[in-house]
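Right, one structure below, let's go through it.
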Amino acid sequence: MTQQKRKFNFNPGPAAMPLEVLEQAQAQFVDYQGSGIALMEMSHRSRLVEDLTEETQQLLLDLLELPSDYQVLFMGGGASAQFALLPANFVQPHQTANYVLTGSFAEKAFKEAAYLGRTHAAASSKAQGWRHIPAIAADDLTPDAAYVHITLNNTIEGSRYLEVPEVGDVPLVADATSEILSRRLDMKRFSMIYAGAQKNLGPAGVTVAILRSEWLENASQAIPEIWRYSTFAANRSLYNTPPVHSIYMMNLVLKWTQQLGSVDQLEKQNAHKAKLLYDVIDASEDFYRGIIDTEYRSHMNVTWRMKSEDLEKRFIQDAANNGFEGLAGHRSVGGLRASAYNAVPVEACQALAEFMIDFARKNG
Ligand SMILES: *Cc1c(COP(=O)(O)O)cnc(C)c1O
């Protein structure tokens, strides 16, 4: 299938993959690296799979500019499993897990933690309809904080942190699912970063958890082995059968990312893509209305509303007829959302911007 026949894919996750990566995987699908069998038929204890896993871990560290005292783990259960695994591993009975609530995924993480220990909402923008990212002051945190959890980019609402917040000596943990590798941040500020792969890293099925080795030493040994980060670290993510095919696809995506240049290059491109859409929203004289305060607008998930739900429905229908996929807002918030992750090309955003201008002219 040619590039022209492919849709403009703005799906929020699973999301667009680079066409080159799909074609590469297709070419290797039946016979993996001349082995005579497909990768998904191969033992996860084989040399080829071990090499693949190790190379992918190193690629991630390199791209995130993290030193080798971080461990990259490949796990299952999506980012949602991390919502529970994080407190299960790291909240001791005398501690409190601190959360910053900036959207519905942050809230879900917070709720899961409450099953496992004491929790505290250090800051929240819920009362303001999640329109901004609240600041965290030192006295917002409990003195016995096990960690502070933030959601770097709020996929459903369309907001993001401008920079990594300052939390003193308390370990900082980020859900980076819809944000990882989309811009340059000092990732060394985090004790742990996790991300479901299906937004910026590849297909669904694998979740990346990256932990500072020193912090990992504090993890609980009193939970089942399969839930422990230390089990995955000690066995280099091959304790049980990992999602090998998803790791392979991520490997290709990371190499594609590397070939584009640096994360800086992607950051520039993503800013440009987002600006194309926000400019149309802002110039539309309220035909399109951005949901998030300008300063905190996400470059990955561009969200907006229109005058009526009828008009929004018509927009989505018309867009679909013109080859645009995945523009409906999350069912919990409605409206519109264009997710323009790393793999979404500039041309797709250009085409959407033109479509939006045209739609406003015809229906305004
Ligand atoms: C998509 C998403 C999740 C949920 O991921 P699953 O892999 O489906 O569990 C969690 N957090 C954020 C920020 C997300 O974007």
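The values are calculated or read from the model by the stated rules, or taken from the named source; none is laboratory data. Note that the structure is a prediction, hence the values are computed from the model and not measured. Ideal geometry is used to build each Cβ from the backbone, glycine not excepted, and the neighbour counts take in all protein chains shown. Ligands, DNA and RNA are excluded from the accessible area calculation, which covers all protein heavy atoms including side chains. Shrake-Rupley method; radii C 1.70, N 1.55, O 1.52, S 1.80 Å.
General remarks:
- Computed helical MRE - 222 nm, the chain, DSSP H runs ≥ 4 contributing -39500 (n - 2.57), nearest 500: -11000 deg cm²/dmol
- The Cβ shell under 9 Å around R212 holds other residues with a net charge of -1, Lys and Arg each +1, Asp and Glu each -1.
- Positive-end ranking of L60, N342, Y194 along the dipole of the chain, with charges on Cβ about the Cα centre, is headed by N342.
- Shape category assigned to the chain from the gyration tensor of Cα positions, a/c cut at 1.5: oblate
- Take R228: with every protein chain present and a 1.4 Å probe, its accessible area is about 40 Å².
- Packing-based ranking of 181-188, 127-134, 94-101 yields 94-101, 181-188, 127-134, ordered from highest to lowest mean Cβ neighbour count within 10 Å.
- Basic side chains Lys and Arg get +1 at the Cβ, acidic Asp and Glu get -1 at the Cβ, and with that the dipole of segment 22-259 about its Cα centre reaches some 440 debye.
- Put the Cα centre of segment 85-137 next to the Cα centre of segment 42-77 and the gap is 29 Å.
- Count Lys and Arg as plus one, Asp and Glu as minus one, and take only other residues whose Cβ is under 14 Å from that of V170; the net charge is then -3.
- Residues of segment 205-364: accessible area per residue with a 1.4 Å probe, Å²: 46 Å²
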